[in-house]
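*Asks:* Dumping the structure here so I can ask a few things about it.
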Amino acid sequence: MATHNDLGKRGEVIAANYLIGLGYELLEENWIHGKAELDLVAYLNGQLIFVEVKTRSSTAFGQPEDFVDQAKQKQLIQAATAYVELMDHQGEVRFDIVAVLFDTPNRYTINHIQDAFWPF
């Protein structure tokens, strides 16, 4: 597996543990619909939360969250819509980004952006 894939998987584990520590219930990891993947699907206080995890080892090309562009948002919305329909969720929905930025191999910061974008 490529190094960037290892870093991404590591970031997803960190993000999942972070959210669980905040009291979120983790429902899904890497849920796939067509060509889109929902990194994490969580639940908190009656709200279904779709979480895109972005992990980087540098800000040379921008902050990790900057890579959730409109095309990526569109894919996430399509997958989330399918998930909501499949699960017959009737409550609120939101999209979060959890950005994990490593400055050394074992030191990182987390930027959790709630309601990062709003499609519904």
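The numbers here are math on the coordinates, done by the rules we state, and not lab data. Small disclaimer: the values here were computed from a predicted structure and weren't measured. Virtual Cβ from ideal backbone geometry, glycine too; neighbours counted across all protein chains shown.
*Asks:* Could you check TRP31 against (1) over 24 Å from ASN5 (Cα atoms); (2) surrounded by 18 or more Cβ atoms within 10 Å (Cβ to Cβ) and say which number it fails?
*Replies:* With (1) over 24 Å from ASN5 (Cα atoms); (2) surrounded by 18 or more Cβ atoms within 10 Å (Cβ to Cβ) applied to TRP31, the lone miss is (1).
*Asks:* With the checklist (1) in contact with a Gly (Cβ under 7 Å, 6 or more places away or on another chain); (2) buried (at least 16 other Cβ atoms within 10 Å of the Cβ); (3) of a type in the set (Asp, Glu) in hand, flag the one item ASP39 doesn't pass.
*Replies:* (1)
*Asks:* Could you list, in sequence order, all residues of the stretch 22-58 that are in contact with a strand residue (DSSP E or B) (Cβ under 7 Å, 6 or more places away or on another chain), assigned to a loop (DSSP other than H, G, I, E, B) and under 16 Å from ILE110 (Cβ atoms)?
*Replies:* GLY23, TYR24, SER57
*Asks:* Which one of LEU19, LEU86, LEU76 is part of a helix (DSSP H, G or I), within 11 Å of the chain's Cα centre (by Cα) and more than 20 Å from ASN5 (Cβ to Cβ)?
*Replies:* On the way: LEU86 fails: within 11 Å of the chain's Cα centre (by Cα); LEU76 fails: more than 20 Å from ASN5 (Cβ to Cβ).
It is LEU19.
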